[in-house]
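Colleague: Here's a structure for you.
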Amino acid sequence: MFLGRNSERKMFKVIFKTALKTLLFVAVLALVAFGVASLGFPSEMAGLCEKSGNYSMATGYASLSYAYSKNVNDLNRCFIDSVYAENDNDIVKFGDELISNEKFPEVCENNSKKVITENGTEIIIEYVQYVHGNVAAAKFRKGDREEALKTAKAAMNGVQGFPKNNALSSLSLAVIEKGDCDFAKILLDEIQSNHADAENNYYNALINELKKLEDGKE
């Protein structure tokens with residue numbers, strides 16, 4: 001038995017509407033599941049974002065996880081993700097909060113002298129220098145030079161010489177990259193006055209770069 005054209009059209013409309021409703025229902029379920037996962041399992045979602053290289057979203061999920069837990073390790077995760085995301089606002093926000101946390105020394109002890117990937121390079125540093133250095137550089141890039149120097153100097157209190165990858169060197173690299181001649185002079189005075197280490201090749205190389213920048217102003 002053959003259907004007429006009108007009947008065929010009606011049947012097609014019914015099938016199309018049913019399929020459309022099914023797709024809409026599946027989409028709504030997917031959105032609900034995503035929302036539940038985002039709100040209920042932010043730490044796991046942060047991990048997925050980190051694995052995919054989306055550190056901006058990872059920072060958001062890590063922040064939500066920290067809001068739930070108030071665990072300093074979650075706060076530290078927020079800071080690390082913001083560094084990889086190269087978001088200066090978040091670096092300063094989470095970095096300052098991490099530094100002021102009473103458990104910050106414990107975080108530094110657990111993370112110091114571990115390999116950290118930065119710009120594709122594996123380096124070993126003191127974690128306190130890593131945190132202060134990144135926060136200082138971010139503050140400088142945001143235009144707050146006074147707070148940038150204050151943050152870097154705080155990490156170097158009591159430090160003898162000029163160890164590799166310290167906070168002042170991290171700030172210096174940001175200054176060199178931007179070509180800030182005036183601030184280069186301020187850093188030169190600070191480093192040479194309080195952390196002179198003439199036998200240190202790392203120290204000499206950085207001082208030479210800062211001097212080049214300072215001389216370039218003339």
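The values are calculated or read from the model by the stated rules, or taken from the named source; none is laboratory data. Quick caveat: nothing in here was measured; it's all calculated off a predicted structure. FYI the Cβ positions are ideal-geometry reconstructions off the backbone, even for glycines, and counts take in every protein chain you see. Surface areas here come from the heavy atoms of the whole protein model, side chains and all, with no ligands, DNA or RNA. Shrake-Rupley method; radii C 1.70, N 1.55, O 1.52, S 1.80 Å.
Colleague: Here is the link list: 139/211; 51/153; 150/185; 93/178. Which ones come out longer than 24 Å on Cα distance? Mind showing how you got there, number by number?
Modeller: Numbers: 139/211 22 Å; 51/153 34 Å; 150/185 16 Å; 93/178 22 Å.
Result: 51/153 exceed 24 Å.
Colleague: For a quick check of understanding: with a 1.4 angstrom probe and all protein chains in place, what accessible area in square angstrom does residue 149 have, to the nearest ten?
Modeller: 30
Colleague: Could I ask something else about it? Sticking with the crude label model, points 7 Å out along Cα→Cβ, report the distance from residue 189 to residue 43 in nm, one decimal please.
Modeller: Using points 7 Å along Cα→Cβ, the separation is 4.8 nm.
Colleague: Take the Cα atoms of region 133-218, find their three principal axes, and give me the spread along each one in whole Å, biggest first.
Modeller: Each principal axis gives a Cα extent; for region 133-218 these are 31, 29, 18 Å.
Colleague: Once R0 is set to 41 Å, what does the formula 1/(1 + (r/R0)^6) return for the Cβ-Cβ distance between residue 144 and residue 22, expressed as a FRET efficiency to the nearest 0.05? Working shown, then result.
Modeller: Numbers: r = 55 Å, r/R0 = 1.34.
That pair, residue 144 with residue 22, gives E of 0.15.
Colleague: While we're on this one: Can you give me the % of accessible surface on region 127-201 that is carbon or sulfur? Probe 1.4 Å, all protein chains present, nothing else counted.
Modeller: On the way: 1520 of 3480 Å².
Its accessible area is 44 percent carbon and sulfur atoms.
Colleague: In Å², and per residue, what accessible area does region 126-218 have when probed at 1.4 Å with the other protein chains present?
Modeller: Result: 50 Å² of accessible area for each residue.
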